[in-house]
C-alpha cells in the first residue's frame, strides 16, 4: 500500500510529503519528507510527529501511549545545524565535545556507517536525564552536507533500549539527506 499526501497550509510554508508503506519487523513506517531542510525519515505509524512550535528541533516524533498504564519514553528528533566547517570528522569531534558534559555521559559504541549513499558517524551513549534522573540511551546519527549538519537522535530509557534498537535501526535506514 502506498498513500501520498502533499501540501502546506500557507504559501511559503514548508511542504511535507507523507508516504505510507508497509515495512517488515512488525512496524509500518510513514515516510515524511521535509522539503525545506531536504531530508526524509520514517515515522512509526501511530507516533505523533512534526516541528515543535518553539522550533527547538527541526523535526520530532514521539511514541504514543498503548494503554492507560503505559509511559512512553521513546522519541527521536532531527536537528539541522549550519556550520562553516564542512569536514565530517571535525564536526563530529566538535559535536562530541558539546554533549559529553551531560551527567553520566558514556559512549557505549561509535563508528561509521553508510545510509542511502551518505556517510554518517554514529554513536550510542548513555547519560542521566537532567529532569527525571532516569538513565537514558541515545542512538545518534550525524552527517555533514557542505556545512549543513543533520543530527538524528533516537532516545529511550536504558532498560528499554535493547527492545527499541531494532526499530531505531529501521528508522535510521529510511534516512535520506
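Where a number appears in this text, it was derived from the coordinates with a stated rule and is not lab data. Because the structure is predicted, anything quoted here is derived from the model rather than measured. Virtual Cβ from ideal backbone geometry, glycine too; neighbours counted across all protein chains shown.
When only C-alpha pairs under 8 Å and at least 6 residues apart count, what is the relative contact order of region 83-177, in percent?
25 percent
Given that just one value was derived from the coordinates, which of [x] 1.04; [y] 1.41; [z] 1.59 is Cα Rg over 2.2 N^0.38 Å?
Step by step, Cα Rg over 2.2 N^0.38 Å for this structure corresponds to label [x].
Over the chain, what is the relative contact order in percent, taking alpha-carbon pairs closer than 8 angstrom and at least six residues apart?
Worked out over the chain, it gives 18 percent.
Counting other beta carbons within 10 Å of each residue's own, what order do 165, 133 fall into, fewest first?
Fewest to most other Cβ atoms nearby, the residues stand as 133, 165.
For 82, 127, what ranking results if the residue with the fewest other Cβ atoms within 10 Å of its Cβ goes first?
Least to most surrounded, the residues fall as 82, 127.
Give me 143, 69, 75 ranked fewest to most by other Cβ atoms within 10 Å of their Cβ, as a rough exposure proxy.
Fewest-to-most ranking of 143, 69, 75: 69, 75, 143.
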